[in-house]
Amino acid sequence: MIDKTRVTFTVNDSPTEVWVWPHQSLLQVLRDELGHTEVKYGCGEGVCGTCTVLLDGESINACLVFAVQVDGQSVTTVQGLGEGRSTHPLQDRFLELGASQCGFCTPGMLLVAHEFLSRRPDAGREEIRSALAGNLCRCTGYTKILDAVEAFARERETGPGGEREA
Amino acid sequence: MYPAPFAYLRATSWTQAIDWLQEHGDDAKLLAGGQSLVPMMNLRLVQASHVIDLNAIPSAGIDRAGDVLTVDALTRHAELEESPLLADACPMLGEAAGLIGNIRVRHRGTIGGSVAHADPSAELPCALVALRATIRVLGPRGERRIPASAFFMSFFTTALEPAEVVVGVDVPIPPGTTGSAFLETVRRTGDFAIVGVAAAVRLDASGTCTDVGVAVAGTGDRPEDLSEPAAAIVGTTVEDERVAEASRAVADATQPRGDERASSDYRRRLTQVLTRRALGSARDRARASAAR
């Protein structure tokens, strides 16, 4: 007899408690039980990157982690990127440079780019390109996405507003 | 695409995981990084009665004991990529890890999981065969140490007995000057390799090759140990013509399968080109380390 299990974790710093079946993915629980529909279901195999969340600060495929596994850990979705209701500077660059078209891949792109640049602030375009190689976009053709991520990286290193976001 | 229901068990030690494996038999699956197992469960290629999660077992990470690098089975690919210890003593392993899947897969996937899964196209098993690594295995009857070349038996098939688990990998760091390299060809970044080649070269003080290890992924039912044909460079100063000769011998020793991704001939041709480049790069690194 398999029972539901109680799991406690934080989502974007909010303490969360939910009863889950062991076979429910973190993705399924975030979307269907907790209403976090900004986390997208793409391939279910860890290839496309649309379900990216940060688990204790590291980007992971929410489709390949069972919700029972994240007990005691912290989950960040794209909603947790900006302060309150304001957008994060990386999101601003996406808006300005037209890096989002249908928007389905955007949460995953933002989270992977943000996490990668927090570890490698000096990364150049080619390094950004290989970090984002596992996030598929079927609209923009990637150039504008890379433009936006690169613009954010350079701005944060040197330019105006660079000091406002850690 | 959701997995079939299963009972979830969180192991806090290897012996507990082994006990549960004995108790629940073949329908119990070990969950390490889950980057191969969970897709197969989502696709219903695998249905488990019990999933034994290994992530709460403490990991010893990467360490060096004399001339041996010890790598805990639960070491994640990203840790291999970023380890200064590996970058210094055995850069090929971190290089191979950096070619796996995508950044999220590398944050979760583990070396023990990759080894136990034994995909014949996978990077780490191939690298471990070329490095003459030893797989450390624990089971109800204690620990066994199995050479990587004997551990991988066929497609997704290893020398693991029922209720045995991979607990770590030992990589010898031979004395003297060595260099190693891993190269692969993929259609799209993150795919499994069409062909991957791992090469390790050892030189003596005069720059003469005393030992070579070569393994190839993607050509057979397991990572193939092709050190024997590659030994054409042993006893030479590893000039380009000798490397080319050895690469031809390595490619000739393969009988690759053809499939929808690549024909048999293409795989053999890739084996030759990648072996030539990997051996050349391993040689250059060995020479550079001698010069330091």
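The condition of being within 14 Å of another protein chain (Cβ to nearest Cβ), more than 30 Å from B:ALA32 (Cα to Cα) and touching a helix residue (DSSP H, G or I) at 6+ places or on another chain (Cβ under 7 Å) holds for only one of A:VAL53, A:VAL149, that being A:VAL149. When only residues in region A:122-132 that are within 17 Å of A:GLU58 (Cβ to Cβ) and part of a loop (DSSP other than H, G, I, E, B) count, which is farthest from the other protein chains (Cβ to nearest Cβ)? For region A:122-132, the residue satisfying everything is A:ALA123.
Rundown of residues vs (1) of a type outside the set (D, E, K, R); (2) over 11 Å from the mean Cα position of the chain (by Cα), yes/no style:
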{"residue": "B:ALA116", "(1), (2)": "yes, no"}
{"residue": "B:GLU123", "(1), (2)": "no, no"}
{"residue": "B:ILE146", "(1), (2)": "yes, yes"}
{"residue": "B:PHE155", "(1), (2)": "yes, yes"}
{"residue": "B:LEU160", "(1), (2)": "yes, yes"}
{"residue": "B:GLY176", "(1), (2)": "yes, yes"}
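Applying the selection to region B:172-209, what residues are closer than 30 Å to A:CYS48 by Cβ, at pLDDT below 95 and polar (S, T, N, Q)? Selection gives B:THR189 alone. Tallying residues that are part of a loop (DSSP other than H, G, I, E, B), more than 14 Å from the chain's Cα centre (by Cα) and of a type outside the set (A, V, I, L, M, F, W, C) within region A:134-152 yields 4. Could you check, for region A:17-36, whether at least one of its residues is surrounded by fewer than 20 Cβ atoms within 10 Å (Cβ to Cβ), more than 9 Å from chain B (Cβ to nearest Cβ), over 28 Å from A:CYS137 (Cα atoms) and of a type in the set (Phe, Trp, Tyr)? Yes - at least one qualifying residue is present in region A:17-36.
Being at negative phi and surrounded by 16 or more Cβ atoms within 10 Å (Cβ to Cβ) is a property that B:ALA205 lacks. For the condition out of contact with any Cys (no Cβ under 6 Å at 6 or more places or on another chain) and loosely packed, with under 15 Cβ neighbours inside 10 Å, A:GLY124 qualifies. For region B:154-167, residues that are small (Gly, Ala, Ser), touching a residue at least 40 places away in the same chain (Cβ under 8 Å) and closer than 30 Å to B:PRO256 by Cα total 1. One residue stands out among those in region B:21-33 that are within 14 Å of another protein chain (Cβ to nearest Cβ) and buried (at least 17 other Cβ atoms within 10 Å of the Cβ): the one that is farthest from B:GLY142 (Cα to Cα), which is B:GLY33. Where strands (runs of 3 or more DSSP E) fall entirely within region B:1-97, those with at least 1 residues that are over 22 Å from the mean Cα position of the chain (by Cα), under 24 Å from A:GLY44 (Cα atoms) and touching a residue at least 24 places away in the same chain (Cβ under 8 Å) are at B:7-10, B:28-31, B:50-53.
Counting only strands (runs of 3 or more DSSP E) that fall entirely inside region B:127-195 and contain at least 2 residues that are crowded, with 19+ Cβ neighbours inside 10 Å, the qualifying elements are B:134-139, B:165-172, B:177-185. If you go through region A:77-87 one residue at a time, do you hit one that is in contact with a strand residue (DSSP E or B) (Cβ under 6 Å, 6 or more places away or on another chain) and either more than 11 Å from chain B (Cβ to nearest Cβ) or not small (Gly, Ala, Ser) (or both)? Yes: region A:77-87 contains one or more residues that are in contact with a strand residue (DSSP E or B) (Cβ under 6 Å, 6 or more places away or on another chain) and either more than 11 Å from chain B (Cβ to nearest Cβ) or not small (Gly, Ala, Ser) (or both). Quick check on region A:102-112. Is at least one of its residues in a strand (DSSP E or B), more than 9 Å from every other protein chain (Cβ to nearest Cβ) and surrounded by 21 or more Cβ atoms within 10 Å (Cβ to Cβ)? Checked against the condition, which is being in a strand (DSSP E or B), more than 9 Å from every other protein chain (Cβ to nearest Cβ) and surrounded by 21 or more Cβ atoms within 10 Å (Cβ to Cβ), region A:102-112 yields no hits at all.
For A:CYS48, the test of being farther than 20 Å from B:HIS77 by Cα and within 14 Å of another protein chain (Cβ to nearest Cβ) is failed. When region B:250-279 is filtered for residues that are free of Cβ contacts under 8 Å to residues at least 60 places away in the same chain, exposed (fewer than 15 other Cβ atoms within 10 Å of the Cβ) and outside any helix (DSSP H, G or I), the ones remaining, listed by number, are B:GLN255, B:ARG257, B:GLY258, B:ASP259, B:GLU260, B:SER263. Looking at region A:81-101, can you tell me whether even one residue there is charged (D, E, K, R), surrounded by fewer than 24 Cβ atoms within 10 Å (Cβ to Cβ) and modelled with pLDDT under 95? Within region A:81-101, one or more residues are charged (D, E, K, R), surrounded by fewer than 24 Cβ atoms within 10 Å (Cβ to Cβ) and modelled with pLDDT under 95. Using the structure shown, decide if B:SER247 is among the polar types (S, T, N, Q), at pLDDT 95 or above and over 14 Å from B:GLY220 (Cα atoms). Considered against the rule, which asks whether it is among the polar types (S, T, N, Q), at pLDDT 95 or above and over 14 Å from B:GLY220 (Cα atoms), B:SER247 comes out as yes.
The values are calculated or read from the model by the stated rules, or taken from the named source; none is laboratory data. Small disclaimer: the values here were computed from a predicted structure and weren't measured. Positions of Cβ are generated from backbone atoms using ideal geometry, with glycine treated the same way; all protein chains shown enter the neighbour counts.
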